[in-house]
Amino acid sequence: QQQVKQSPQSLIVQKGGISIINCAYENTAFDYFPWYQQFPGKGPALLIAIRPDVSEKKEGRFTISFNKSAKQFSLHIMDSQPGDSATYFCAASIPSTDKLIFGTGTRLQVFP
Amino acid sequence: EPEVTQTPSHQVTQMGQEVILRCVPISNHLYFYWYRQILGQKVEFLVSFYNNEISEKSEIFDDQFSVERPDGSNFTLKIRSTKLEDSAMYFCASSRDRADSPLHFGNGTRLTVT
């Protein structure tokens, strides 16, 4: 119940295309859903986050779509660029706890 | 922009030895964390630290692990007697508030236990 399931494991997209990464969870107590981006040799960096009271959040080319009834959320990267090539992790946390539970990661490669 | 710094970037140790991983969190942050990432796998929570004490820990964080904030700026993770399976990338993170505020991660210490 504490898991966050992420798919796909890897994704190859052409420059200018849309990258879509999906996550699903079981625990309805989760109330904060961030996405982290990790480049090789670096720590994860927060990209965008959403709470379950909204169904979508957009920041530049990055959009989170959230479906509370289906217990799913996804990251859309519009106009994908080679510089977006990285590993993306979804995560979730429960109120009044101090831990993030991460998904298994998606390695995105954007080819020119 | 302030950042979390970790040292060393790579630590090689023999099984059974003690290691101390060091971190300098962002100065006005109140919550401190250690996560680890075994090669190619997901990032796993180890422990959180607030107000000079452990606020939460995972089942991975057993008696072999300890954390300390010795001087108000450094935050350390000690592994008393390392095992082969402790080989991983260890990330320190800090945040102004609990886990539902942005976590700022360091670039990690790669621990190799031989």
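The values are calculated or read from the model by the stated rules, or taken from the named source; none is laboratory data. Note that the structure is a prediction, hence the values are computed from the model and not measured. When we count neighbours, we look across all protein chains shown, and the Cβ atoms used for this are built from the backbone with ideal geometry, even at glycine. Just the protein is used for accessible areas: all its heavy atoms, side chains included, with ligands, DNA and RNA removed. Shrake-Rupley method; radii C 1.70, N 1.55, O 1.52, S 1.80 Å.
For chain B, which whole-number percentage of the solvent-accessible area (1.4 Å probe, protein heavy atoms only) is attributable to carbon and sulfur atoms? For chain B, the apolar C and S fraction of the accessible surface comes to 44 percent. Comparing the full protein assembly with the isolated chain, the residues of segment A:92-112 losing at least 40 square angstrom of accessible surface (1.4 Å probe) are A:Asp98, A:Lys99, A:Leu100, A:Phe102. Let me check I've understood the local charge: for A:Lys42, count other residues with C-beta under 15 angstrom from its C-beta, Lys and Arg +1, Asp and Glu -1. What total comes out? For residues surrounding A:Lys42, the net value is -1.
Note: segment B:5-113, Cα convex hull, 95 Å³ per residue.
Spin-label model, B:Ser73/B:Leu30: points 7 Å from Cα along the beta carbon direction are separated by 2.2 nm. Using a probe radius of 1.4 angstrom, the carbon and sulfur fraction of the accessible surface of segment A:28-112 is 52%. Interface burial in segment B:21-64, defined as at least 50 Å² less accessible area with all protein chains than with the chain alone at a 1.4 Å probe, covers B:Lys42, B:Val43, B:Glu56.
Residues of segment A:20-61 that lose at least 20 Å² of accessible area (1.4 Å probe, protein heavy atoms only) when the other protein chains are present, relative to their chain alone, are A:Tyr32, A:Tyr36, A:Gln38, A:Gly41, A:Lys42, A:Gly43, A:Pro44, A:Leu46, A:Arg51. What net charge is computed for the residues neighbouring A:Ser19, neighbours being all others with C-beta under 12 Å from the C-beta of A:Ser19, Lys and Arg scored +1, Asp and Glu -1? Result for the neighbourhood of A:Ser19: +1. Normalising the average separation of contacting C-alpha pairs (under 8 angstrom, six or more residues apart) by the number of residues puts the relative contact order of chain A at 37 percent. Remark: spin-label model distance A:Val54-A:Ala29 equals 2.6 nm, labels positioned 7 Å along the Cα→Cβ axis. Restricting the calculation to Cα atoms, every distinct pair contributes to the Kirkwood radius of the protein assembly as shown, found to be 18.0 Å. Accessible area buried by the pairing of A and B, both sides summed with a 1.4 Å probe, works out to roughly 1800 Å².
Placing +1 on each Lys and Arg Cβ and -1 on each Asp and Glu Cβ, with no other charges, gives segment A:4-111 a dipole about its Cα centre of roughly 140 debye. Pairs over the 18 Å Cα-Cα cut-off, from the set A:Lys42/B:Lys83; B:Lys57/B:Lys78; A:Lys99/B:Lys57; A:Lys42/B:Lys42; A:Lys5/B:Lys42; A:Lys5/A:Lys71: A:Lys42/B:Lys83. Of the trypsin sites (Lys or Arg not before Pro) found in segment B:30-94, those in coil by DSSP whose Cβ has at most 11 other Cβ atoms within 10 Å are B:Lys83. Placing pseudo-labels 7 Å out from each Cα toward the beta carbon at B:Leu39 and B:His10 gives an inter-label distance of 1.2 nm. Within straight-line reach of A:Lys15, meaning a Cα separation under 14 Å, sit the following aspartates and glutamates at least 8 residues removed in sequence or on another chain: A:Asp79, A:Asp84. With protein chains left intact and a 1.4 Å probe, residues in segment B:5-113 average 48 Å² of accessible area per residue.
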